[in-house]
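Below is one structure; the comments refer to it alone.
The values are calculated or read from the model by the stated rules, or taken from the named source; none is laboratory data. The structure presented is a predicted model; accordingly, all values stated were derived computationally and were not measured. Note that each Cβ is placed from the backbone with ideal geometry, even for glycine, and that neighbours are counted across all protein chains shown. The protein model used for the area step is the full one, side chains on, heavy atoms only, and it has no ligands, DNA or RNA in it. Shrake-Rupley method; radii C 1.70, N 1.55, O 1.52, S 1.80 Å.
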Amino acid sequence: MADKAERNPLSNGSKSSDAPSEPAPIAKTRMAETIRHGGRIYQLMVESVHDYAIFMLDPAGYIASWNKGAQKIKGYTADEIIGQHFSIFYKPEDIAIGHPQRELEIATAEGRFEEERPRLRKDGSEFWANVVITPVRDEDGTLVGFAKVTRDLTERRAAEQKAIEDARRVAMSESANVAKTEFLAAMSHELRTPLNAIGGYTDLLSLGIGGSITPQQTEYLERIRRSQQHLLGVISDLLNFSRIEGGQLTYDFAPLSLSHVIERVVPMVEPQAATKSISLTIDAADSNFIVFGDRAKVDQILLNLLSNAVKFTGSNGTVRVRSKGSEKTASIEVIDTGAGIPADKLHAIFEPFVQLGRSLSSAHEGTGLGLAISRELARGMNGELTVSSKVGSGSTFTLTLPREG
């Protein structure tokens, strides 16, 4: 029986002992000789690779060997493909311009050829391939063929293309937002100037500067003033929404007392409420409810909520304002006795340009941006704006903001 050392190519030939011996350097073993002469072990290594197509071409480009990775990537078995010209993997337009032969010429002249380009599988489908071709020469430098290694990079290519497309869409969106914001800013200026002039001249006429006016003319002037104020509000909403979309709003954070916010804003809507005989009440607020936010933007949100509540509450109804708090947050609630909002519409009212009242009454005017803007402002201050409602029982809008510290 042959000695174990004789059968083990990594052994140095000595007999085994209780103490492990140092392994011989690979250059002194039969493994080195086997690899040097391209023996069976090297062949097995190449054939066992599944993720790369590794095969040999003769000097004219005909396939001389085929591994499992090549079969997996390209779809051909060794029996089907060996002896075929490697141009079988190329698209007709590449063959027409002599691209396969050009690859071999470059590899021969420069010692290597590499590219990424579409290739064809057996079923005719395309895949994105990374191809490396290396000339193989014998001891005297004679070209004996080419080693060709192909990787399927289809998934990576798709991911890269998607990333590029996503980046392009983001860039286009950002560019569009900038253009839109600039347009709306210019439009705002151009429209506000004549609207302010309309308001100014209306005031002069109302004061009798141009002569006495009749009661009917006074009523007309009041309608002009209301329309002018409405248009200014629409312009402000559009400009604010565009700035929010473009990420151009800044916040001036500071501690705020919710009771002070309520006391400051409620009087602004009292005339509207009185016109409709709506009872506007404030529940006693705890002065210790201090939040962290932007004063002007908190005022804007509450004013929008109160204006909506008065707008959508019928005559002789009630609008209530109250505040409450927890350990980490404090909130303002605006509660009305209006018509209420259907459950399937509660989310939609915070979407831009949604104005549910238009489907109920033409008297409910607006851009449909007020609540969308208010919610984004609340979130910009690390807070939230929510609603609960029941048809026929009114609605409750809640602005929640983080407590100071």
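List of remarks:
- Placed amide H near A129: partners under 5 Å, 5+ positions off or other chain: R117, R119, L153
- Prolate/oblate/rounded call for segment 191-304, Cα gyration tensor, a/c under 1.5 rounded: oblate
- In terms of packing, defined here as the mean over residues of other Cβ atoms within 10 angstrom, the peptides 56-66, 271-281 line up highest first as 56-66, 271-281.
- For segment 192-208 versus segment 105-133, the gap between their alpha-carbon centres in whole angstrom: 76 Å
- FRET efficiency estimate (nearest 0.05) - Cβ-Cβ, S173 to K122, R0 41 angstrom: 0.45
- Chain lengthening between S277 and F350 when straightened (0.36 nm per residue, less Cα-Cα): 23.5 nm
- Straightening the chain between D58 and I106 buys 15.7 nm, computed as 0.36 nm per residue apart minus the Cα-Cα spacing.
- Full extension of the chain segment joining E155 with K324 gains 55.4 nm, where the gain is 0.36 nm per residue of separation less the Cα-Cα distance.
- The alpha carbon gyration tensor of segment 44-97 gives principal lengths a ≥ b ≥ c with a/c of 1.5 or higher and a/b greater than b/c, which makes the shape prolate.
- Given K91/K148; K297/K345; K297/K324; K276/K345, the pairs whose alpha carbons are separated by over 24 Å: K297/K345; K276/K345
- Sorting 163-169, 78-84 by their mean Cβ neighbour count within 10 Å, with the most densely packed peptide first, gives 78-84, 163-169.
- Residue ranges 374-387, 225-238 sort as 374-387, 225-238 when ordered by packing (mean number of other C-beta atoms within 10 Å per residue, highest first).
- For I278, the residues 5 or more places off, or on other chains, whose built amide H falls under 5 Å of its own are N316.
- Solvent-accessible area assigned to carbon and sulfur over segment 199-355 amounts to 55 percent, based on a 1.4 Å probe.
- Segment 229-333, accessible area per residue, ligands and nucleic acids excluded (1.4 Å, Å²): 49 Å²
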